[in-house]
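Enquirer: Encoded as structure tokens, here's the structure I'll be asking about.
The values are calculated or read from the model by the stated rules, or taken from the named source; none is laboratory data. Every value quoted in this text rests on a predicted model; they were computed, and no experiment measured them. Note that each Cβ is placed from the backbone with ideal geometry, even for glycine, and that neighbours are counted across all protein chains shown.
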Amino acid sequence: MKCISPTTIIIPDILHTIYLDMLKHLMDWVMSFLEQHSRINKFNQLWAMMPPYPGFARFTKPYSQVTQWSGKEMKALGHVIVPVFAATLSNPLVNQRIPFTEVLLCVKNVVYFHLMAQYRYHTEAKIEYMEYYLEEFHRHMDVLSRFRASKSRQKGSEALKQQLTLGKQEECESDPAWNIFLRLQSMVSLMKIKCRSSQKFHNTLSTNRISTL
């Protein structure tokens, strides 16, 4: 169809794929990390102190008291999570400096990835930026290993990535625009599956903690 460009039809489902999958599951990992290091109260205080400004409505509750999220709230989360999280991890103990630096880099790269995924069109250069952020996220995510999916689930998500890429390789070799489409689709699908597969593990961990209280 002459009136359609592949670069304008590959925007992912922002609400379900980006906000409610990537960011929400990332926050599940982050809250478990903060609980481990006794920083949840500080995070909640900073979260509730965020002042309003044009295009951003301040949060009315501490983060841990929110039970249901809207797309608007998740969008706001993506805008402020990096500075709030960085302030929460300020003044670390000596043995906390490395894990705090690693987890902050992990969160930062997910946030940058999710912001670029919302662009109205994608070029080769933008895809390269997104690939870089995704690679950096994977490089630093070992700090969240106890809150992530098992190795078998990670292998499954990697297999799906290869299937998505190789299944259309021959068909798209002659069309650079469709190559961009496949690469973006693979990256977003991989991130989405990694986040989803961690949810069961996170729920089990939370249940075990409650049962030991």
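Enquirer: Evaluate region 57-73: report whether one residue or more is in contact (Cβ under 8 Å) with a residue 40 or more places away in the chain, assigned to a helix (DSSP H, G or I) and within 21 Å of the chain's Cα centre (by Cα).
Expert: Yes, region 57-73 contains a residue that is in contact (Cβ under 8 Å) with a residue 40 or more places away in the chain, assigned to a helix (DSSP H, G or I) and within 21 Å of the chain's Cα centre (by Cα).
Enquirer: Give 108, 155 a once-over and let me know the one that is under 29 Å from residue 34 (Cα atoms), part of a helix (DSSP H, G or I) and modelled with pLDDT under 60.
Expert: Of the residues listed, the single one that is under 29 Å from residue 34 (Cα atoms), part of a helix (DSSP H, G or I) and modelled with pLDDT under 60 is 155.
Enquirer: Here's another thing I want to ask about it. Filter region 67-86 down to residues that are farther than 24 Å from residue 109 by Cα and either acidic (Asp, Glu) or surrounded by 15 or more Cβ atoms within 10 Å (Cβ to Cβ) (or both), then give me how many there are.
Expert: 0
Enquirer: Moving on to the next point. Please tell me if residue 89 is buried (at least 18 other Cβ atoms within 10 Å of the Cβ), modelled with pLDDT of 90 or more, in contact with a helix residue (DSSP H, G or I) (Cβ under 9 Å, 6 or more places away or on another chain) and more than 21 Å from residue 112 (Cα to Cα). Give the derivation first.
Expert: Working: buried (at least 18 other Cβ atoms within 10 Å of the Cβ): yes; modelled with pLDDT of 90 or more: yes; in contact with a helix residue (DSSP H, G or I) (Cβ under 9 Å, 6 or more places away or on another chain): yes; more than 21 Å from residue 112 (Cα to Cα): no.
No, not satisfied.
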